[in-house]
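Colleague: Let me begin by handing over the structure; questions about it come next.
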Amino acid sequence: MKLCKVVAIFDELKLQAVEQALLRHGIDGFTIHPVSGRGRYFDSFNENRLIKHIQIEIYAREQDAPTIRNCIVDAAHSNTESEGLVSIMPINDLYWIHDKRSALKADFQCRES
């Protein structure tokens, strides 16, 4: 089984739209972190020039990762500078702590909308 980790960083104002889009696709397992950073755009009014964004991480089957990426991009898009980015990384091993077993392909579901 091949798994991927989809990681996206996007404007915190788009969190609800991204969350709802993921839930519509049957993705209900994700981790969200508030993050600050500086990319192509920076906050010139703030002393440290950092902007606030959200980072979301989702483990998924390799074949579902592009669908999840597109779902996030569509929901987070607002046609402005520094909207964020999405990466897809291969996972070598994933292990469930609660029942002490390796993750199975059946543990991850995604459906096209």
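Colleague: Would you mind checking K52/K105; K5/K105; K5/K100 for any pair whose Cα atoms are more than 25 angstrom apart?
Modeller: K52/K105
Colleague: Can you send over the solvent-accessible area of V7, 1.4 Å probe, protein chains only, in Å² to the nearest 10?
Modeller: V7 exposes around 20 Å² with every protein chain in place.
Colleague: So, with +1 on the Cβ of K and R and -1 on the Cβ of D and E, and no other charges, what is the size of the charge dipole of the chain about its Cα centre, to the nearest 20 debye? Please report the intermediate quantities before stating the final value.
Modeller: Details: 14 positive and 16 negative charges, 58 e Å.
The dipole magnitude comes to about 280 debye.
Colleague: At a 1.4 Å probe radius, carbon and sulfur cover how many percent of the accessible area of the chain?
Modeller: Carbon-and-sulfur percentage of accessible area, whole number: 50.
Colleague: Suppose we look only past 26 Å in the calculated P(r) of the chain. What percent of the Cα-Cα pairs does that tail hold?
Modeller: 24 percent
Colleague: 5 Å is the cut-off here: which amide hydrogens, built 1.01 Å from N in the peptide plane, fall below it relative to A103, excluding neighbours closer than 5 in sequence?
Modeller: The list, which skips near neighbours in sequence, is L94, Y95, W96.
Colleague: Sticking with this one: Give me the 1.4 Å probe accessible area per residue for the chain, excluding ligands and nucleic acids, in Å².
Modeller: Value returned for the chain: 67 Å² of accessible area per residue.
The values are calculated or read from the model by the stated rules, or taken from the named source; none is laboratory data. These figures come from a predicted structure and were not determined experimentally. Using ideal geometry, Cβ is built from the backbone for each residue, glycine included, and neighbour counts are taken over all protein chains shown. Just so you know, the surface numbers come from the protein's heavy atoms only, side chains and all, with ligands and any DNA or RNA stripped out. Shrake-Rupley method; radii C 1.70, N 1.55, O 1.52, S 1.80 Å.
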